[in-house]
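Here is the structure we will look at.
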């Protein structure tokens with residue numbers, strides 16, 4: 001078994017896809033003509049978005065994310081966290097945490113997307129020498 005994709009529920013799939021493409025440089029994998037579903041090519045796992053309207057039609061009751069009380073985060077790894085953070089903010093992301101060096105050897109920053117999802121922009125974890 002392997003993780004195939006993650007689906008986030010949003011009000012506007014097209015606007016969300018456009019944001020992630022602009023903010024993080026992902027490639028669009030597909031956008032359904034209905035506007036209710038789309039996917040981004042992000043590596044080995046696909047990041048997908050479904051409209052809340054569609055999920056309600058399917059009998060689900062999706063809640064809205066709250067950036068001040070997140071229950072999960074999406075993490076995007078990059079070699080240049082400061083540049084990626086700047087690009088994301090210019091694309092409309094909300095700054096949550098500036099670039100910080102973590103004790104475990106990783107550089108991190110956090111933003112919120114226009115839907116309220118928490119996104120970590122991070123470097124790979126470097127082994128701590130001692």
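Does residue 35 qualify as being touching a helix residue (DSSP H, G or I) at 6+ places or on another chain (Cβ under 6 Å), part of a loop (DSSP other than H, G, I, E, B) and within 18 Å of residue 8 (Cα to Cα)? Even if it seems obvious, please write down each step before you answer.
Numbers: touching a helix residue (DSSP H, G or I) at 6+ places or on another chain (Cβ under 6 Å): yes; part of a loop (DSSP other than H, G, I, E, B): yes; within 18 Å of residue 8 (Cα to Cα): yes.
For residue 35, the condition - touching a helix residue (DSSP H, G or I) at 6+ places or on another chain (Cβ under 6 Å), part of a loop (DSSP other than H, G, I, E, B) and within 18 Å of residue 8 (Cα to Cα) - is met.
Kindly indicate whether residue 53 is surrounded by 14 or more Cβ atoms within 10 Å (Cβ to Cβ), more than 14 Å from the chain's Cα centre (by Cα), farther than 21 Å from residue 116 by Cβ and outside the structural domain of residue 116 (by TED's automatic domain parsing).
Numbers: surrounded by 14 or more Cβ atoms within 10 Å (Cβ to Cβ): yes; more than 14 Å from the chain's Cα centre (by Cα): yes; farther than 21 Å from residue 116 by Cβ: no; outside the structural domain of residue 116 (by TED's automatic domain parsing): yes.
So residue 53 does not fit the description; no.
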Residues being in contact (Cβ under 8 Å) with a residue 24 or more places away in the chain and surrounded by fewer than 17 Cβ atoms within 10 Å (Cβ to Cβ): count how many of those fall in the stretch 13-36. 4
Does the stretch 83-100 include one or more residues that are free of Cβ contacts under 8 Å to residues at least 60 places away in the same chain, surrounded by 14 or more Cβ atoms within 10 Å (Cβ to Cβ), part of a loop (DSSP other than H, G, I, E, B) and more than 13 Å from the chain's Cα centre (by Cα)? no
Restrict the check to the stretch 20-32 and report whether at least one residue is at pLDDT below 95, more than 25 Å from residue 57 (Cα to Cα) and assigned to a loop (DSSP other than H, G, I, E, B). no
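Would a scan of the stretch 66-78 turn up a residue that is closer than 24 Å to residue 12 by Cα, in contact with a helix residue (DSSP H, G or I) (Cβ under 9 Å, 6 or more places away or on another chain) and surrounded by 17 or more Cβ atoms within 10 Å (Cβ to Cβ)?
Step one: of the stretch 66-78, the residues closer than 24 Å to residue 12 by Cα are 66-76.
Filter once more, so that each one left must be in contact with a helix residue (DSSP H, G or I) (Cβ under 9 Å, 6 or more places away or on another chain): 76.
Still in the running and surrounded by 17 or more Cβ atoms within 10 Å (Cβ to Cβ): 76.
Checked against the condition, which is being closer than 24 Å to residue 12 by Cα, in contact with a helix residue (DSSP H, G or I) (Cβ under 9 Å, 6 or more places away or on another chain) and surrounded by 17 or more Cβ atoms within 10 Å (Cβ to Cβ), the stretch 66-78 yields at least one hit.
The values are calculated or read from the model by the stated rules, or taken from the named source; none is laboratory data. Being a predicted model, the structure only gives us computed values, none of them experimental. Cβ atoms come from the backbone with ideal geometry, glycine included; neighbour counts cover every protein chain shown.
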